[in-house]
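To start, the structure itself, in structure tokens.
Every read-out reported here was derived from the displayed coordinates using simple, explicitly stated rules and does not represent laboratory data. The structure displayed is predicted, hence computed values, not measured ones. Here the Cβ positions follow ideal geometry from the backbone for every residue, glycine too, while neighbour counts run over all protein chains shown.
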Amino acid sequence: MASTLFRTIQIHPFLLYPTAICRRRNGVLYCTMKSTQTQTATQEKQQPPKVKVSQHTRSKTLEKITRDYEAIIGIETHVQLLTLTKAFCSCPYNYGCQPNTSICPICMGLPGALPVLNSKVIEFAVKLGLALNCKLSLNSKFDRKQYFYPDLPKGYQISQFDIPIATGGYIDLDLPLEFGGGHRKFGITRVHMEEDAGKLLHSGNGDYSQVDLNRAGVPLLEIVSEPDMRTGIEAAEYAAELQRVVRYLGVSNGNMQEGSLRCDVNVSIRPVGQSEFGTKVEIKNLNSFSSINRAIDFEIARQVSLHSQGHGDQIVQETRLWEEGAQKTVTMRKKEGLADYRYFPEPDLPEVILTQEYVDGIHNSLPELPEMKRRRYEKMGLSMQDVLFLANDVNVAEYFDATISRGADFKLAANWIMGDIAAYMKNEKLSIKEIKLMPEELVELIASIKSGTISGKIGKEILFELLAKGGTVKGLIEEKDLVQIVDPVEIAKMVDKVLSENPKQLEQYRGGKTKLQGFFAGQVMRISKGKANPGLLNKILLEKLNVKS
Amino acid sequence: MLSTIQPSRCLSRFPAHLRTSGRTKARSLHVFSSAQPVTTVPHQSQILSIRDSLVSRHLSAVQVADSYLGRLKQTEPQIGSFLHLSEPDKVLKQAQEIDDKIKRNEEVGPLAGVLVAVKDNICTADMPSTGGSHILDGYRPPFDATAVKRLKDLGAIVVGKTNLDEFGMGSSTEASAFKVTANPWDLSRVPGGSSGGSAAAVSARQCVVSLGSDTGGSVRQPASFCGVVGLKPTYGRVSRFGLMAYASSLDVIGCFGSSVADTGILLHAISGHDALDATSSKREVPDFTSQFLSASSLKSRPLEGLRVGLICETVDGGVDSGVKSAIQGAAAHLEQLGSIVTEVSLPSFSLGLPAYYILASSESSSNLSRYDGVRYGNQASCDELNALYEDSRAKGFGSEVKMRILMGTYALSAGYYDAYYKRAQQVRTIIQKSFKTALGENDILISPAAPSAAYKIGEKRNDPLAMYAGDIMTVNVNLAGLPALVLPCGFVEGGFVGLPVGLQMIGAAFDEEKLLKVGHIFEQTLQGYNFVPPLIQDGAFA
């Protein structure tokens, strides 16, 4: 909804006059726009003859697709870079800060202001280009992409047109097992640098819109995929892998909700066996991987439904919006031919020239990427389920790597991380970086259990204490006197004590009620404060219970 | 004490030439003929003279400012150089602060007390900056252009914002949205453009020096028309930050002065890398100012061995015969000074004009997109977004600007890009190469600054092609990014006493030093001309 185009504009008499405000650095900037129609009314009006796709027909058509149709999916992704300052000025950018508080003459496009490139943008672009196995252009340049819109202060976007910084790469990924699993390799057409536009804030009743330029000039990388994907899940996983890669590289937080990673999807269908592509439709407003998946599947079903009913001509080149509430795509705007952006080289910025040494330097400093990590974990002998879980989040993977590099049993470490630690994080809504348990303490915990210093049960108790409060395993064991009792004599004493205190139960046991063994074991464990070695305890207890008196 | 005061010094609150050319002599100029011998005083640096006066405490900054303000008040109603004038009290207050500093024996900047006029497409934080366009009527930028900031930091006082063709698009200052500026030599004529206001202001001694901008000749042609010195620096020598972009790859901020020395000192003050302009050069700026030797200390043939190439394409058919003879006279003078003048051909010269108009229009169509009425400037009252854009721009821009936006939009459109923009870029490369060759064989190149002297107001207004053709002498230099100095070298008939003609000297990239040196020697040794407009000589400073 946020990206719905408003075609009407009106000055709000009570808001400050723009010119007056623009003089103030960091002042508030308003441009108010009035809409004469509600958003949905506008959209409904533009809608073509409606095709109803019910949940039932959707699954039916999906079946049909696999038989008769093939979907062709390509994705354009915009990734917002985690630079300290914007692409061409020294304004910081923080998501969610007050409107127009992070702006300056340059990102406001004031007369006479000039862009100066933030060199971090190049570095991040090269990193991502290399991570996506692309060929880098040692000589590239910036171009101006020209169009009018109130969120575009200069009337053009600084972007890259005919010579993007990186081209011709690919991305590897493993589909989750619940979707059938399998390895995929999708082509990357290009990666280029550009600046973000501002945002329009629409009033609740749609009467006017205001311009917030905080985001204007924030650096983006646009990643264009080859049309290699065939299903919603493949597309969603492509986006998820891209998110992993940018997070592994540290070039973006990849957060879809904040708009740090935005995907526009192009979908077309064709009958199986046909070589030329069908008419492609662009889908916007995809705010999660699952909405990518569902929007594409809906769109495929819609197109197949039209095509198979002989209405293939009603599939037109257009931009459609995914409506999360209604779970459907609706027409946003139809393209009247190809927009002419009148690209030409940006004269305010020198060409971007990379040296091979610079590229090599970055190449050598690249971290282990998700694909390499997964292959390494796989080789270690972890199941694909575990591999995907651990490599999914760069911080989890780093945590896991930190434990195994300190000699922890990788299988046990994986189990602890995916089991109790993951459950704790989920309950407490914490990330692995926020828990107090340091990897070295998890190593110690695993070792203490393995060596028998503490029992597994005690280990679990300590774990939750360490997760919430921190500290060391050794310190906790000492502090709470938790060292496991492995001395048979001591355990035998406790067993004797329990047996002598419960003569009635002992009699019943010996009378054949052997289920009471658990009762005795529990009693012994209680008086040992849980420290008795369970194996030893049971062995001694059984011996003593079964002694013929 | 009095005995040590040199005559020039005690009179230095008046322009140097006035000291010797009294009322009678000035009047005699009214019957000027080009053959008339005139006793002239060599052009003297006003900036150095002001500095001497202040440091030796023979004049106060307030006295200097007062004399300029007086002349400004008197001449401005007829000439109309300015779109906005600083309050006189404000100027005097700044002058007073300088005087106070001097009194306290504190260091003052090298431009202390120098009154500077700034073209209105260069941003100033404390004054409106309109670019000569209605779309920015009343707009006040929140920052100073880097060039302005540097001048202020060195003690200069900005006296006002000068008139120009809207956003620098024009050659006569008639395309200003606000007013027409008159040429101080003949009030019925244009001062040239687009920096017409800045040239007229220096010519009429309304200020000491001024800043202009030069995209296709906008400093050099008005300098020629107004009989002052104009300098277009190498592209990248001066930061463009704060200059409202017309054609970013061609725009440079340039300097006007009544002497080569003043122009050079001004250039030195504003030159050098600026972190806010990615196209500004990191090259070191040599001290241009050390080479302005007085005329008396020059050798007899001070330019011995200097290779000067007269561009033959600039003195052929399309050039006014009076201009041609003035340039030939200048060439002869250069030879007398010891240089070797030969004719040099730049075969690509005539291609410059169409290439320039395609590239400049293309870039301007993009650069002017930001004037959409949304954030600043004049906003039309509309209740629909496209209407807001259309009305704001339809009402805000003048016809010349609209024409160039249309031409540029066309040239960049899909299907036309290769035939126009790309081809023009190829021409630009050819022109750059041919200049490089010519400047390999010659130390400097010379040509007229314009094919004619100042023409009548209104004469070419409705004939854009004739107006564009007038830029033939200057646009090639912008396409090549080279520095060029224009200085008055003679007169043609016209006006009361004749109209000044400017000689253009073109140098190698970043070699402003050589141009200033040669220009200074040329100026100091040129006999028989007085380049002070009669209006000023007449306008008694009682």
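Below are the figures for this structure:
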| item | result |
| --- | --- |
| Percentage relative contact order, chain B, counting C-alpha pairs under 8 Å, at least six apart | 19 percent |
| Inter-probe distance in nm under a simple model that places probes 7 Å from Cα toward Cβ, at B:ASP126 and A:ARG375 | 6.6 nm |
| Sequence-distant residues sharing a close amide H with B:LEU83 (under 5 Å, placed H) | B:LYS161, B:THR162, B:ASN163 |
| Neighbourhood charge, 14 Å Cβ-Cβ cut-off, centred on B:THR279 and excluding it, Lys, Arg +1 and Asp, Glu -1 | -2 |
| Cα-Cα P(r), segment B:389-542, percent of pairs per 10 Å interval | 9, 25, 29, 24, 11, 2, 0 |
| Segment A:232-287, Cα convex hull volume normalised per residue, Å³ | 96 Å³ |
| Listed pairs B:LYS149/B:LYS232; B:LYS90/B:LYS149; A:LYS480/A:LYS515 exceeding 27 Å between Cα atoms | A:LYS480/A:LYS515 |
| Lys, Arg +1 and Asp, Glu -1 on Cβ, resulting dipole of chain B about Cα centre, debye, nearest 20 | 860 debye |
| The protein assembly as shown - charge dipole about Cα centre, Lys and Arg +1 at Cβ, Asp and Glu -1, debye rounded to 20 | 1760 debye |
| When each of B:LYS161/B:LYS436; A:LYS379/A:LYS426; A:LYS86/B:LYS402; A:LYS457/A:LYS539 is checked by Cα-Cα distance, pairs over 30 Å | B:LYS161/B:LYS436; A:LYS86/B:LYS402 |
| Long-range amide H partners of A:LEU261 with built H, under 5 Å | A:GLN80, A:ASN255, A:MET256 |
| Cut-off 13 Å between beta-carbons: net charge of the residues surrounding B:PRO110, Lys and Arg +1, Asp and Glu -1 | -2 |
| Per-residue Cβ neighbour rank within 10 angstrom, fewest leading, B:ASP262, A:ASP196 | A:ASP196, B:ASP262 |
| Span from the segment A:88-126 Cα centroid across to the segment B:425-477 one, whole angstrom | 38 Å |
| Residue-by-residue Karplus 3J(HN,Hα) for segment B:77-94, coefficients 6.51, -1.76, 1.60, Hz, glycine and proline x | x, 7, 8, x, 6, 9, 9, 8, 10, 5, 4, x, 4, 5, 4, 5, 5, 5 |
| Rg in Å to one decimal, and Dmax rounded to a whole Å, for segment A:318-390 via C-alpha atoms | 23.1, 55 |
| Angle between chain A longest axis and helix A:232-249 axis [Cα atoms, degrees, rounded to 10] | 80 degrees |
| Within straight-line cross-link reach of A:LYS373, lysines at Cα separation under 20 Å, skipping those fewer than 8 residues along the same chain | A:LYS127, A:LYS185, A:LYS411, A:LYS433 |
| 10 Å-binned pair-distance histogram of chain B (Cα, whole percent) | 4, 20, 32, 27, 13, 4, 1, 0 |
| Gyration tensor verdict on chain A (Cα atoms; rounded if a/c is under 1.5, prolate if a/b is larger than b/c, oblate otherwise) | prolate |
| Whole-Å distance, taken between Cα centres, linking segment B:258-331 and segment B:177-205 | 22 Å |
| Under 20 Å from A:LYS450, Cα to Cα: aspartates and glutamates that are on another chain or at least 8 residues apart | A:ASP401, A:ASP409, A:ASP420, A:GLU440, A:GLU441, A:GLU461, A:GLU465, A:GLU478, A:ASP481, A:ASP487 |
| Rg/Rh ratio calculated on Cα atoms of segment A:488-545 (Kirkwood radius) | 0.93 |
| Anisotropy class of the protein assembly as shown from Cα gyration tensor, a/c 1.5 cut | prolate |
| Modelled FRET efficiency - R0 56 Å, A:LYS469 with A:LEU366, Cβ distances, 0.05 increments | 0.95 |
| Between segment A:135-206 and segment A:278-320, the alpha-carbon center distance in angstrom | 21 Å |
| Amide proton proximity set for B:ALA450, modelled H, under 5 Å, gap of 5+ | B:GLY502 |
| Segment A:488-545, dipole about Cα centre (Lys/Arg Cβ +1, Asp/Glu Cβ -1), debye to the nearest 20 | 140 debye |
| Length added when fully stretched, A:TYR424-A:LYS450, from 0.36 nm per residue minus Cα-Cα | 7.1 nm |
| Least to most buried among B:ILE446, A:ILE122, B:ILE311 (fewest other Cβ within 10 Å first) | A:ILE122, B:ILE311, B:ILE446 |
| Of all DSSP beta bridges in chain A, antiparallel share, percent nearest 5 | 95 percent |
| Enclosed volume per residue, in Å³, of the convex hull spanned by Cα atoms of segment B:367-445 | 136 Å³ |
